[in-house]
Amino acid sequence: MPDVWIGFNAYDRQRYWWRSGIGTLAVVGVVVAMILTVHEPGKWWWVGGFGVVVVAAFASTVNLIYGRVLLSTTGLEFRTFVSRRVIPWSEVAGIERRRRVTRSGIWCDLRVVRVRGRSLGIPGTVTNRRMDAELERKQAAIQECWSRAVGG
């Protein structure tokens, strides 16, 4: 069985960069407006707090957009911006689709349900499209690799 990569394609990466870039610029605009308009000594606590939020949001965005999973005969190898992790197929209890409703819409992603421990989100599977053929293809590929690896 050849190894299979799961992640965002170039179009989806660009789309999420635009979306997160606009949000980040809005927060930076608020910080700059605070710096220019507030003239009290405590403003630097607020500016520092917003700065930490912007950096955390940016790191989360990079992790979301460039994170990938390698499906191999041994298991799932998570490769994200901040970590690398291998989950053997023997520890996988299932693959589930999760739906979350937020103010910006309905979001779906795939998660690995483990025999022990918490479930993990699979990088490169987040979408807000109603009927996403790409997400269906990714889920089918993961299910196929899992069933081949466990012999079922």
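The values are calculated or read from the model by the stated rules, or taken from the named source; none is laboratory data. Worth saying up front: this structure is predicted, and the values here are computed from it rather than measured. Cβ: placed from backbone, ideal geometry, glycine included. Neighbour counts: every protein chain shown. Remember, those area values only see protein heavy atoms, side chains included, never the ligands or the DNA or RNA. Shrake-Rupley method; radii C 1.70, N 1.55, O 1.52, S 1.80 Å.
Anything in segment 31-49 that is touching a helix residue (DSSP H, G or I) at 6+ places or on another chain (Cβ under 9 Å) and open to solvent by less than 70 Å² (accessible area, probe 1.4 Å)? List them, or say none.
If the condition is that a residue be touching a helix residue (DSSP H, G or I) at 6+ places or on another chain (Cβ under 9 Å) and open to solvent by less than 70 Å² (accessible area, probe 1.4 Å), then 31, 34, 35, 38, 43, 47 are the ones that fit.
Would you pick out the residues in segment 68-82 that are surrounded by 12 or more Cβ atoms within 10 Å (Cβ to Cβ) and polar (S, T, N, Q)? Lay out the reasoning, then the answer.
From segment 68-82, those surrounded by 12 or more Cβ atoms within 10 Å (Cβ to Cβ) are 68-72, 74-81; that's our starting set.
Passing the criteria: 72, 74, 80.
Keeping to segment 83-94, report how many residues are in a strand (DSSP E or B), open to solvent by 20 Å² or more (accessible area, probe 1.4 Å) and either within 19 Å of residue 148 (Cα to Cα) or at pLDDT below 90 (or both).
Of all residues in segment 83-94, those in a strand (DSSP E or B) come to 84-88, 92-94.
If we keep only those that are open to solvent by 20 Å² or more (accessible area, probe 1.4 Å) too, we end up with 84-86, 88, 93.
Retained after the next criterion (residues that are either within 19 Å of residue 148 (Cα to Cα) or at pLDDT below 90 (or both)): 86, 88, 93.
So the answer is 3.
Among the residues of segment 97-122, how many are touching a Gly at 6+ places or on another chain (Cβ under 7 Å) and closer than 21 Å to residue 133 by Cα?
Going through segment 97-122 one residue at a time, the tally reaches 2.
Based on this model, can you work out whether residue 52 counts as in contact with a helix residue (DSSP H, G or I) (Cβ under 8 Å, 6 or more places away or on another chain) and more than 19 Å from residue 5 (Cα to Cα)?
No.
Can you report the number of residues in segment 50-64 which are under 19 Å from residue 17 (Cα atoms), among the β-branched types (Val, Ile, Thr) and either touching a residue at least 24 places away in the same chain (Cβ under 8 Å) or open to solvent by 40 Å² or more (accessible area, probe 1.4 Å) (or both)?
4
Evaluate the following for residue 111: is it in contact with a strand residue (DSSP E or B) (Cβ under 9 Å, 6 or more places away or on another chain) and open to solvent by 60 Å² or more (accessible area, probe 1.4 Å)?
Details: in contact with a strand residue (DSSP E or B) (Cβ under 9 Å, 6 or more places away or on another chain): yes; open to solvent by 60 Å² or more (accessible area, probe 1.4 Å): no.
Judged against the criteria, residue 111 is not a match.
Taking residue 17 as the residue in question, decide whether it is out of contact with any strand residue (DSSP E or B) (no Cβ under 6 Å at 6 or more places or on another chain), closer than 23 Å to residue 79 by Cβ, at pLDDT 80 or above and open to solvent by 60 Å² or more (accessible area, probe 1.4 Å).
Yes: the conditions hold for residue 17.
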